[in-house]
Amino acid sequence: DDGLVVRTGVAKRTKELETFIRVARRCPEHRFVLIPARNIGESDYLDWLIELNRSLDSPAEILPNLPHRETRDLVQQAAICLHTNALADPFGMSVSIAEAMATGCYVIGRRCDAAESYIGDAGRVYTTEDEAVELIRATSHWDEKNWLRARVASVDRSFRNFEGPKVLN
């Protein structure tokens with residue numbers, strides 16, 4: 001689904017998931033689905049995100065603690081993964097990005113050296129919300145050839161760099 005944008009991850013303030021919701025509000029031609037796992041240490045953050053979404057007329061679907069199989073199915077349907085990050089913690093291995101790339105998602109991630117290296121040719125990076133909005137809107141003009149190129153780049157990068165045995169060695 002070329003109009004489906006997803007974000008999975010634990011609901012922590014350092015993930016800056018509110019950016020996902022604000023970008024969703026500015027891209028009404030896309031469907032945004034946020035799949036956060038409740039973080040026991042910051043359970044109030046997920047409640048705050050749900051209320052923020054409601055106050056902005058619910059531009060994103062928020063599906064907390066969605067079972068793994070249903071999460072997988074949604075990510076497999078999605079064309080875009082919008083990765084958000086407050087840049088407060090060191091950028092480690094992002095499982096949500098690796099999984100999104102493995103399904104062929106075009107990844108749009110928050111600009112930092114580690115994210116640029118991690119995402120590579122599987123997507124683009126943004127510094128501001130305005131840039132994230134523009135990167136998402138730009139895909140509206142893509143033809144099937146552009147989408148195929150993006151999907152192949154993501155899958156190739158994921159399996160070339162983040163396959164289980166390679167990461168675990």
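The values are calculated or read from the model by the stated rules, or taken from the named source; none is laboratory data. Keep in mind that this is a model prediction, so the values were computed, not measured. Counting neighbours? That spans all protein chains shown, and the Cβs are built from the backbone with ideal geometry, glycine included. All accessible areas refer to the heavy atoms of the entire protein, side chains included, with ligands and DNA or RNA removed. Shrake-Rupley method; radii C 1.70, N 1.55, O 1.52, S 1.80 Å.
Details
- Surface per residue (accessible, 1.4 Å probe) for the chain, Å²: 51
- Taking amide hydrogens as placed 1.01 Å from N in the peptide plane, the amide H of Ala86 sits under 5 Å from those of Lys15, Glu16, each at least 5 positions away in sequence or on another chain.
- Using alpha carbons only, the radius of gyration of region 10-69 set against its Kirkwood radius gives Rg/Rh = 0.96.
- Overall shape: rounded for region 1-101, with the ratio a/c of the largest to smallest alpha carbon gyration tensor axis below 1.5.
- When the solvent-accessible area of region 1-43 is split by element, carbon and sulfur atoms take up 47 percent of it, the probe being 1.4 Å.
- Extension gain (nm, one decimal) between Thr128 and Arg111, 0.36 nm per residue minus Cα-Cα: 5.2 nm
- Peptides 15-28, 67-80, 97-110, 114-127 ordered by average Cβ neighbours within 10 Å, highest first: 97-110, 15-28, 114-127, 67-80
- Put a dot 7 Å past the Cα of Arg72, heading toward its Cβ, do the same for Arg160, and the two dots end up 2.6 nm apart.
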